[in-house]
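Chemist: I have a structure here, written as structure tokens, and I will follow up with some questions on it.
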Amino acid sequence: MNLILKTFDIPLVQVGIGLVIFYIGLKMFAGGMKAVGNVEHLEWFVSNPYWMFLGGIVCTLLWQSSSLSTTAIIAMVASGFLPLPSAIAAVLGANIGTTGTIWLAGLFVSNGFPTGTTLQIALVHTGANLLMGLGILPWVNYIARFMGKL
């Protein structure tokens, strides 16, 4: 028993176990999203790309994983629950939401609000993603139509 417990102290084993648990979690989450199907009371939200853009930002800020957000978005599109323009907007939002990580890192490194180089990196990272997201957001319907032709 003691040998088994010491095996879990090996960093490579911990990383492997963590990746397996993460993968299983993603698969279960995606499967659950596919089972959602059609929920009429959320139609006003999922049919509006601007609301989905904000939703992508908020969800990614909450669970600090744009990969998880993107997996959920793909599962919702595959189930027919989410229209493609809204999905594109949500992915753009998730790209902005992922900048929350640099702000959190800046808080911990600076013992408070980021300063100096940390602040500059956070501002550039957030600014570039925000400009890109807001620049593409008005065109999501055209992008979705183009992608539908492929």
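The values are calculated or read from the model by the stated rules, or taken from the named source; none is laboratory data. On a predicted model such as this, the values are computed, not experimentally measured, just so you know. Neighbour counts are summed over all protein chains in view; Cβ atoms, including those assigned to glycine, are modelled from backbone coordinates with ideal geometry.
Chemist: So, Ala72, is that one modelled with pLDDT under 85, closer than 29 Å to Val140 by Cβ, under 17 Å from the mean Cα position of the chain (by Cα) and buried (at least 20 other Cβ atoms within 10 Å of the Cβ) or not?
Modeler: Yes: the conditions hold for Ala72.
Chemist: Right, next: For region 121-150, enumerate the residues that are in contact with a Pro (Cβ under 6 Å, 6 or more places away or on another chain) and either of a type outside the set (A, V, I, L, M, F, W, C) or within 11 Å of Leu84 (Cβ to Cβ) (or both).
Modeler: Those that are in contact with a Pro (Cβ under 6 Å, 6 or more places away or on another chain) and either of a type outside the set (A, V, I, L, M, F, W, C) or within 11 Å of Leu84 (Cβ to Cβ) (or both): Val140, Asn141, Ala144.
Chemist: Among all residue pairs at least 6 apart or on different chains, which show Cβ distances below 9 Å where the first residue, located in region 19-33, is at negative phi and surrounded by 12 or more Cβ atoms within 10 Å (Cβ to Cβ) and the second is part of a helix (DSSP H, G or I) and at pLDDT below 80?
Modeler: Cβ pairs passing all conditions: Phe29/Ala75; Ala30/Ala75; Ala30/Ala78; Met33/Ala75; Met33/Ala78.
Chemist: Among the listed residues Gly116, Gly133, Gly148, which satisfies the condition of being of a type outside the set (S, T, N, Q) and crowded, with 20+ Cβ neighbours inside 10 Å?
Modeler: Gly133
Chemist: Given the condition at pLDDT 80 or above, within 16 Å of the chain's Cα centre (by Cα), among the small types (Gly, Ala, Ser) and part of a helix (DSSP H, G or I), answer yes or no: does some residue in region 104-115 qualify?
Modeler: no
Chemist: Is there any pair with a first residue in region 77-102 that is more than 12 Å from Val140 (Cα to Cα) and a second that is surrounded by fewer than 24 Cβ atoms within 10 Å (Cβ to Cβ) and basic (Lys, Arg) whose Cβ atoms are under 6 Å apart and which are 6 or more apart or on different chains, and what are they?
Modeler: Short answer, once both residue conditions are applied: Ser79/Lys34.
Chemist: Let me ask something else. How about region 66-85: which of its residues are in a helix (DSSP H, G or I) and of a type outside the set (Val, Ile, Thr)?
Modeler: Correct list: Ser66, Ser67, Leu68, Ser69, Ala72, Ala75, Met76, Ala78, Leu84, Pro85.
Chemist: Moving on to the next point. In this structure, does Ala128 turn out to be closer than 30 Å to Gly148 by Cα, assigned to a helix (DSSP H, G or I) and free of Cβ contacts under 8 Å to residues at least 12 places away in the same chain?
Modeler: Details: closer than 30 Å to Gly148 by Cα: yes; assigned to a helix (DSSP H, G or I): yes; free of Cβ contacts under 8 Å to residues at least 12 places away in the same chain: yes.
Taking the combined requirement at face value, the residue satisfies it.
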